[in-house]
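All remarks here apply to the structure that follows.
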Amino acid sequence: MSTSCLIVDDEPLARSLLKDYVSKVSTLKLVDVCSSPVAALEVLQSQPVDLLFLDIQMPEITGLSLLKIMKKKPLVILTTAYSEYALESYELDVVDYLLKPITFARFLQAIDKVNSRLTTASAPVEKVVPNPAQPFIFVKDGTKLVKVRWEDILYIEGLKDYVTIHTRQQKVVSLQRLKSLEEQLPAEQFIRIHNSFIVALNAIDVIHKNEVHVGSVTLPISDSYRKTFRDFIEKNHMQ
């Protein structure tokens, strides 16, 4: 099975290098090469792709701005000379973040992550229904299975393919996506407030503007989750 891809970069040498790397991977099928996000949008309108190799600093609009305006996003590998955009890029759920100059070995690592995502996406999904009679979950942390009680969870942080569960006693790091864990949580006790955060309602001390305070920790409420969060609080928890 081939993975269709599009290269977007305003630097000719960078485009040429990525094009050469793509040609060496038999599972990748190059659809086009663009020198600007505007040109890329035109291509994507007529031919959607599975994977986007996207530079960040470009004229007209940046690669991150392009991601924010796209309604239906392919998988994305960012290619850039700047490391300071890494955190923002992870909030946009990119597959990988490649710093230039990009070696072929590092390129192959990114493609392996893409293949893992595609394999997971194509696998049949079994809907996990939380059991209200079971007040805990077992989470794999390395080689251990750790029992985490719902009442002990303060908030959960997601970063790419990992989640960190912050409890009253400890932090548990598990190899899974935040969406997968969210489906296992009791909906009346936990609420998603950001691409990277789920918070336990009982752990919230203060809601102030676009933030929630959990003890000494401040968590952001993103634009895409703000209305759902406010509606839930008003409907179920405001006196």
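Structure notes:
- Yes/no for residue 151 being charged (D, E, K, R), touching a His at 6+ places or on another chain (Cβ under 9 Å), outside the structural domain of residue 113 (by TED's automatic domain parsing) and touching a residue at least 40 places away in the same chain (Cβ under 8 Å): no
- Hey, residue 6 surrounded by fewer than 15 Cβ atoms within 10 Å (Cβ to Cβ), under 28 Å from residue 178 (Cβ atoms) and at pLDDT 95 or above or not: no
- Within the stretch 169-178, one or more residues are within 29 Å of residue 89 (Cβ to Cβ), crowded, with 16+ Cβ neighbours inside 10 Å, small (Gly, Ala, Ser) and modelled with pLDDT under 90.
- Selection count where residues are of a type in the set (Phe, Trp, Tyr), surrounded by 15 or more Cβ atoms within 10 Å (Cβ to Cβ) and closer than 23 Å to residue 38 by Cα, scope the stretch 70-115: 3
- Here residue 64 meets the list (1) closer than 21 Å to residue 12 by Cβ; (2) buried (at least 17 other Cβ atoms within 10 Å of the Cβ) almost entirely, failing just condition (1).
Here's the yes/no breakdown for (1) in contact (Cβ under 8 Å) with a residue 24 or more places away in the chain; (2) closer than 24 Å to residue 108 by Cα; (3) among the aromatic types (Phe, Trp, Tyr); (4) not assigned by TED's automatic domain parsing to the domain that holds residue 105:
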site: 27; (1), (2), (3), (4): yes, yes, no, no
site: 30; (1), (2), (3), (4): yes, yes, no, no
site: 45; (1), (2), (3), (4): no, no, no, no
site: 53; (1), (2), (3), (4): yes, yes, yes, no
site: 57; (1), (2), (3), (4): yes, yes, no, no
site: 66; (1), (2), (3), (4): yes, no, no, no
site: 69; (1), (2), (3), (4): no, no, no, no
site: 73; (1), (2), (3), (4): no, yes, no, no
site: 78; (1), (2), (3), (4): yes, yes, no, no
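The values are calculated or read from the model by the stated rules, or taken from the named source; none is laboratory data. What you are looking at is a predicted structure, and each value in this text was computed from that prediction instead of being measured. All Cβ positions, glycine included, derive from the backbone under ideal geometry; neighbour counts span all protein chains shown.
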